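Below: one structure, written as structure tokens.
Nothing in this text is a laboratory measurement; each read-out follows from the coordinates by a stated rule. All figures in this text were calculated on a predicted structure; none of them were measured in a lab. Every residue, glycine among them, receives a Cβ derived from its backbone with ideal geometry; neighbour counts consider all protein chains shown.
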Amino acid sequence: MIQLHFPDYPFKIKEDEDHRSIFDLIRKRYVHLSPEEWVRQNLLAYLTLVLEYPKGLIAVEREIKLNGLKKRYDIVVFNHQKKPWMLVEVKEPAVHITEHTLAQLMRYHQVLQCPYWLLSNGHQTFCASVAGTSVDWLATLPPFEQ
């Protein structure tokens, strides 16, 4: 497991009568602030501020087709050639990272074929380097591919 210490980021949060929203720095709009979204926004801040992954190469909750079904991945970081580089699956803090979480990520990997996987619930974070059928779990997150 990799220990992440999220930066103190001045998130923009607004409250309506019915719910709270947080400004997504990648999608550039307010989104419903669920526990999973809180983890996603903290992880995005970590990737862009601490690891300096380029914001312009990150996609959030985009649709893909998987076995004829429409699915949405959480986060994909692309390399400079616009090819998927890191596939990220985010869960809310109360959901443990398990084989089920990994299986969900692996289904998306069938379509995206990223050389890195990242799974996080904000408390547990796992990252792997993937090459063919070889999966190597890492002790740290990789620097962005230059």
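I want to check the label-to-label distance for residue 11 and residue 131. Put each point 7 Å from Cα in the C-beta direction and report it in nm to one decimal.
3.7
Report, to the nearest 10°, how far helix 99-112 tilts away from the longest principal axis of the Cα atoms in the chain, using its own Cα long axis and a range of 0 to 90°.
Tilt of helix 99-112: around 70 degrees.
Through the Karplus equation 6.51 cos²θ - 1.76 cosθ + 1.60, θ set to phi - 60°, convert the phi angles of the stretch 81-98 into ³J(HN,Hα) values in whole Hz; use x for Gly and Pro.
8, 6, 9, x, 10, 9, 9, 10, 10, 10, 10, 5, x, 6, 9, 6, 7, 10
Using only alpha carbon pairs under 8 Å that are at least six residues apart, calculate the relative contact order of the stretch 1-122 and give it in whole percent. Don't jump to the answer; show the numbers that get you there.
On the way: 183 pairs, mean separation 24.9, N = 122.
Computed value for the stretch 1-122: 20 percent relative contact order.
What does the charge dipole of the chain about its Cα centre add up to, to the nearest 20 debye, if the Cβ of each Lys and Arg holds +1 and the Cβ of each Asp and Glu holds -1?
Details: 17 positive and 17 negative charges, 124 e Å.
Dipole size: approximately 600 debye.
For the chain, set up a GNM with springs between Cα atoms under 10 Å and report which of 100, 123, 32 has the largest fluctuation.
Between 100, 123, 32, it is 100 that shows the largest mean-square fluctuation.
How large is ³J(HN,Hα) for each residue in the stretch 62-71, as worked out from phi by the Karplus curve 6.51 cos²θ - 1.76 cosθ + 1.60 (θ = phi - 60°), to whole Hz, x for Gly and Pro?
For the stretch 62-71, the Karplus curve yields 9, 7, 9, 9, 10, 6, x, 9, 7, 10 Hz.
So between residue 2 and residue 69, what do we pick up on full extension, going 0.36 nm a residue minus the alpha carbon distance?
Between residue 2 and residue 69, full extension yields an extra 20.9 nm.
So what's the back-of-envelope 222 nm ellipticity for the chain, counting only DSSP H runs of four-plus at -39500 (n - 2.57) apiece and dividing by all residues, rounded to 500?
Working: 2 runs with 25 residues, N = 146.
Value at 222 nm, helices only, nearest 500: -5500 deg cm²/dmol.
Lys/Arg Cβ at +1, Asp/Glu Cβ at -1, dipole of the chain taken about the Cα centre: which of 81, 34, 57 is farthest positive-ward?
So the residue we want is 81.
Highest GNM mean-square fluctuation, the chain, Cα pairs closer than 10 Å: which of 22, 13, 75?
13
Using only alpha carbon pairs under 8 Å that are at least six residues apart, calculate the relative contact order of the stretch 78-128 and give it in whole percent. Intermediate results must be reported in sequence, preceding the final value.
Numbers: 68 pairs, mean separation 22.2, N = 51.
About 44 percent, as a whole number.
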